[in-house]
Amino acid sequence: MAKLKLKTHSGAKKRFKLTKNGKVKRGHAFRSHILTKKTTKLTRGYRQPSYVDKTNEDALKKMLPYG
């Protein structure tokens, strides 16, 4: 008998990527609009890569089984 294929969570696949080392990469919040009142230093900081907290990592890896 063939093993069933797992479905990837469609919301998670749009928002997260798995890195080579097994971390889950995420985008920054507060980056998309109302940028006029935010300082340049703050908006530059949003460009840095950020990763999901280790407490949520296992749940997200289940949502992205073939990542």
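Distant-in-sequence amide contacts of Arg26, defined by a placed amide H-H separation under 5 Å and a gap of 5 or more residues or a different chain, comprise Ser50, Tyr51, Val52.
Fully extending the segment from Thr8 to Lys20 would add 2.5 nm, taking 0.36 nm per residue of separation and subtracting the current Cα-Cα distance.
For the Cα trace of the stretch 10-63, dividing Rg by the Kirkwood Rh returns an Rg/Rh value of 1.05. Helical runs (DSSP H, four residues minimum) scored at -39500 (n - 2.57) apiece and divided by the length of the chain put the mean residue ellipticity at 222 nm at -8500 deg cm²/dmol.
Values quoted throughout were computed directly from the atomic coordinates according to the rules given, and no laboratory measurement underlies them. As the structure is a prediction and not an experimental result, all values here were calculated from the model.
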